[in-house]
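> I have a structure I would like to understand better, so I am pasting it below and will then ask my questions one at a time.
What follows is calculated from the coordinates using simple rules that are stated; it is not laboratory data. Because the structure is a prediction, the values reported are computed rather than measured. Heads up, the Cβs are rebuilt from the backbone with ideal geometry, glycines too, and the neighbour counts pull from every protein chain shown.
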Amino acid sequence: MDLRCLYARGLELPHPLIAASAGTTEVLEKMRRCEEAGMSAVVMKTLFEEPAARKDPAPMFRTLQRRIGPARGTTFYTYEQGSHLDPQQFCEEIRKAREALDIKVIGSCACVSDEAWSEYPRLMEQAGADAIELNLSCPYSAHLTDNLAALPEFIEHATRIAREAVSIPLAAKMTPQMSSPPQMARLMERAGADAVVPFSRFPGLDIDIEAEAPLMHGGMAGHGGPWSLYYVLGWLWQIDQATDLPISSSGGVWQTDDLIKHLLCGADTVQLCTVLYIQGYQVAAAMLQGLRDWMEAKGYASLEDFRGKAGGRVLGMRQVERRQTVVAAIDPERCTSCGTCVRVCPHGAAKDVHEGPVSIVAEECSGCGLCVDLCPVTAIAMQPLPDGYRPRHRIASYYDVLSG
Ligand SMILES: Cc1cc2nc3c(=O)[nH]c(=O)nc-3n(C[C@H](O)[C@H](O)[C@H](O)COP(=O)(O)O)c2cc1C
């Protein structure tokens, strides 16, 4: 099975799983753990020009839980900032890693001045970095929080300067705070990037309601979690269609299925971050094996057999089939009369029957699926429309338009 892929133009990897830039990749010992877990490359924790970004506040991590009824979510809320190292120490880590490891070592920098956008990549190239990721995305960068309107100009300017400074592959990392990531990818390509990296952490804010002030240190934090997968996939296929550059995607990957979804939406390589903090480095090996198993079951010999396939199947609004073909039906044997479907049905189609299982009136059901999803005992399933079905709950003209 051939898992070879491009991280960037000019940098091939044996497989697509990479450790994303974060504290989990800061020094040789951590990069070694990435190699031992089977990752094909490591993006080092970003070297910031701003000295303030080289010191973290403490504590810096919270896993915020939201549990409201059946709705659950976890956010990894983080104050971790840039690498603690200065440029010389950072380059020393690159040298040590190049000597000690077989996997590819990718430097990362976030600068303010033109001089540093040129100097930091050059120092990293001299130290032996295989590529550089320009961190044009960090939630702590003042230029991002203060002046998002100037972001395109900033991206183009910084990328061009770094491009002139080095000849090794350059990837440009994006913030998720953008109205048009595909446009930004084209801009990065024009400015000389060899790959695009969507996305970094979302900037976020949580509030301590006792103190009536921001949680932890009074500032914004980065946040992410399994929930961010859908946002990333939603843009990924569009970025894939907008640019010929390799895409190294990052966001919401926690298990094999997520990795496969990124690839199906057009990623060439896929980066792991939050999952490494929460579940440990070894998840990478299991994910990679899961990818191999899935490819074998599908009969795929290489990544190119399916990369971007699902992205190419995304329908436009007018193409989506809207005719109703199903209604909810209840299994009276399983129903415990808990009343969930009665409460959530937007059309009142689920009726409480005194001392018996709930009944669903087919003609009042729009087939929306909410009761199926929320029934705690899986007593409801979708069934084909009954013969002669004519819905009662919607106005005729609306129904007629939709059913053509
Ligand atoms: C604690 C933490 C620190 C991070 N530090 C950096 C960084 O220094 N440079 C960078 O480019 N991205 C950084 N990131 C962003 C990650 O590399 C990654 O793009 C993002 O977290 C989305 O992936 P995930 O959903 O797998 O976490 C950091 C993320 C976290 C959670």
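> Modelling each spin label as a point 7 Å along the Cα-to-Cβ direction, I'd like the residue 72/residue 153 distance in nm, to one decimal.
Each label point is offset 7 Å from its Cα along the Cβ direction, giving 4.7 nm.
> List the trypsin sites (Lys or Arg not before Pro) within the range 169-275 that fall in a DSSP loop (any state other than H, G, I, E or B) and whose Cβ has at most 12 other Cβ atoms within 10 Å.
Filter output for the range 169-275: empty list.
> Can you find, among 340, 356, 330, the residue farthest towards the positive end of the dipole of the range 321-403? Put +1 on the C-beta of Lys and Arg, -1 on that of Asp and Glu.
Of the candidates, 340 comes out farthest on the positive side.
> For the chain, with only Lys/Arg (+1) and Asp/Glu (-1) charged at the beta-carbon, what is the dipole magnitude about the Cα centre, in debye rounded to 20?
900
> Length gain on complete extension for the stretch residue 241 to residue 112, per 0.36 nm per residue less the alpha carbon to alpha carbon distance? Walk me through the intermediate numbers first.
On the way: separation 129, 0.36 × 129 = 46.44 nm, distance 3.10 nm.
Difference between extended and current length: 43.3 nm.
> Based only on other Cβ atoms within 10 Å, what is the fewest-to-most ordering of 340, 25?
In increasing order of surrounding Cβ atoms, one gets 340, 25.
> Evaluate the relative contact order of the range 12-55 (contact order divided by residue number), counting alpha-carbon pairs under 8 angstrom at least 6 apart; express in whole percent.
The value is 43 percent.
> Still on this structure, please answer the following. Sequence gap of 8 or more, or different chains, plus Cα separation below 19 Å: how many lysine pairs satisfy both in the chain?
13
> Provide the packing ranking of 117-126, 299-308, i.e. peptides ordered by the mean count of other C-beta atoms within 10 Å per residue, highest first.
117-126, 299-308
> Would you mind checking the range 65-97 for residues with the amide N under 20 Å from a putative spin-label position 7 Å along Cα→C-beta of residue 55?
Only 79-90 fall inside the zone, counting backbone N under 20 Å.
> Could the peptides 238-248, 356-366 be put in order, highest first, of the mean number of other beta-carbon atoms found within 10 Å of their residues?
238-248, 356-366
> With Kirkwood's inverse mean 1/r over C-alpha pairs for Rh, give me the Rg to Rh ratio of the range 269-360, two decimals please.
Details: Rg = 22.5 Å, Rh = 18.7 Å.
Ratio value, two decimals: 1.20.
> Let me ask another. Using only Cα atoms, figure out Rg for the chain and give it as a multiple of 2.2 N^0.38 Å.
Taking the Cα Rg and dividing by 2.2 N^0.38 Å, one obtains 1.15.
> Please arrange 84, 217 by how many other C-beta atoms lie within 10 Å of their C-beta, fewest to most.
Going from least to most buried by this count: 217, 84.
> How much length is gained if the chain between residue 102 and residue 205 is pulled fully straight, taking 0.36 nm per residue apart and subtracting their Cα-Cα distance, in nm to one decimal? Could the numbers behind the result be given before it?
Details: separation 103, 0.36 × 103 = 37.08 nm, distance 3.94 nm.
Stretched out fully, the residue 102 to residue 205 stretch lengthens by 33.1 nm.
> Only counting other Cβ atoms within 10 Å, I'd like 103, 132 sorted with the fewest neighbours first.
So the residues, fewest neighbours to most, are 103, 132.
> Also, quick follow-up: Given Cβ point charges of +1 (Lys, Arg) and -1 (Asp, Glu) and nothing else, what value in debye, to the nearest 20, does the dipole of the range 82-180 about its Cα centre take?
220
> Expressed as a rounded percentage, what relative contact order does the chain have, with Cα pairs under 8 Å and six or more residues apart? Don't skip to the end; give the middle numbers.
On the way: 791 pairs, mean separation 57.3, N = 404.
The value is 14 percent.
> Could you tell me which of 246, 282, 197 has its Cα farthest along the dipole of the range 5-313 towards the positive end, charges placed at Cβ (Lys, Arg +1; Asp, Glu -1), taken about the Cα centre?
Selected residue: 282.
> Helix-only mean residue ellipticity at 222 nm, the chain, DSSP H runs n ≥ 4 weighted -39,500 (n - 2.57), per residue, nearest 500. What is it?
-9500 deg cm²/dmol
> Can you compute the charge dipole magnitude of the range 321-403 about its Cα centre, using +1 on each Lys and Arg Cβ and -1 on each Asp and Glu Cβ, nothing else charged? Give it in debye, rounded to the nearest 20.
In debye, rounded to 20, the range 321-403 gives about 240.
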